[in-house]
Amino acid sequence: MTTMKLFPLPEPGATPVRVLTIAGSDSGGGAGIQADLRTFALTGVHATVAVTAVTVQNSLGVSGFHPIPPETVAAQIRSVVADIGIGAAKTGMLASREIIEAVADVCGDLGIGRRAPGTHSGRIPFLVDPVAASMHGDPLLAPAALGAIITRLFPLATIVTPNLDEVRLITGIDVVDDRSQRDAARALHALGPAWTLVKGGHLRESEASIDLLYDGAEFLEFETQRIDTPHDHGGGDTLGAAITCALAYGSTVPEAVAYGKQWVTRSLAAAYPLGGGHGPVNAMWRLRENPPEAVEHAVPQP
Ligand code: PXL
């Protein structure tokens, strides 16, 4: 794989760039907050978190989840933004319509995302990943709540990053070729986000994975080597987290998507088996690429 340009790691003692994830916990450590935090730390940003739900899951699936009260989700966001400050934010699992509404209200108040279509200035970049279900099809969102993501969060979003199942649920379009990928990008854009990213991972029988980015005017294609692995749990979260980091560093949306696509491709290439089901993508490839200096771990002698 070709080398990718990484952001410089923060100097020890210097306050790094900060980001916020508004997402659910995965007890199996593969997706959700746990995936976001790995990518944030390994990119070199400080991660803040608003927990939306605690899921009970392992590599075989999600057996239940417990949503956090909406006012507690909103309070976490307010607390972090008021003191620590953030350069970008992302959403993952939001669990319920009430949580989505609380998140939309607080993000609108705090300058997270856009004020209205066409406006951006002075606002904090906001990636909205409309997580609906796990890779096993286990629901992560109350069925009636997807509409609230569309009406309340899409208009605030700098970029939306649905997977192909979510594209189908939201637009009714089955992405099967270039043309339907473009139709889906247009249909998603009409719902209010500044940019839409429609993934193409499993689309073509080729060696390439081509994701399509659209801002209402231009289509941009991002191509990487396609990695075929059953261990892709947390792949969508990892892509979104890497894009969010780049936005926090001040990258443009196309630059951020280029970074995210490279990051998730490397994480897929390094994915590992775990338990009896699907293992996670592995952002820890970064530790091998830029290994920390060797340190002695000598046991003190009496
Ligand atoms: O990958 C989407 C996702 C997000 N958040 C949580 C999850 C999953 C997928 O399983 O469990 C908590």
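The values are calculated or read from the model by the stated rules, or taken from the named source; none is laboratory data. Everything numeric here is computed off the predicted structure, so don't read it as measured data. Every residue, glycine among them, receives a Cβ derived from its backbone with ideal geometry; neighbour counts consider all protein chains shown. When the accessible area is computed, the model is the full protein with side chains, heavy atoms only, and any ligands, DNA or RNA have been set aside. Shrake-Rupley method; radii C 1.70, N 1.55, O 1.52, S 1.80 Å.
Remarks
- The residues of the chain expose on average 45 square angstrom of accessible surface per residue, using a 1.4 Å probe on protein heavy atoms.
- Two-decimal ratio, the chain, of alpha-carbon radius of gyration to 2.2 N^0.38 Å: 0.96
- Sparsely packed GluC sites (Glu not before Pro) within the stretch 228-302, loop by DSSP, other Cβ within 10 Å at most 10: Glu293, Glu296
- Neighbour net charge for Arg286 - beta-carbon separation under 11 angstrom, K R +1, D E -1: +2
- Virtual paramagnetic centre 7 Å along Cα→Cβ of Met284, amide N under 16 Å, in the stretch 1-30: 28-30
- In this label model, Ala41 and Asp83 are separated by 2.1 nm, measuring between points 7 Å along each Cα→Cβ vector.
- Net charge of Cβ neighbours under 12 Å - reference Gly122; Lys, Arg +1; Asp, Glu -1: +3
- Accessible surface of the chain, 1.4 Å probe, proportion on carbon and sulfur as whole %: 55 percent
- Fraction of beta bridges assigned by DSSP in the chain that are antiparallel (%, nearest 5): 45 percent
- Taking every DSSP bridge with both residues inside the stretch 1-102, close to 30 percent are antiparallel.
- Other residues with beta-carbon under 12 Å from the beta-carbon of Ala133 carry, at +1 per Lys or Arg and -1 per Asp or Glu, a net charge of -2.
- Among the GluC sites (Glu not before Pro) in the stretch 152-221, those placed in a DSSP loop whose Cβ has at most 13 other Cβ atoms within 10 Å are Glu205, Glu207, Glu218.
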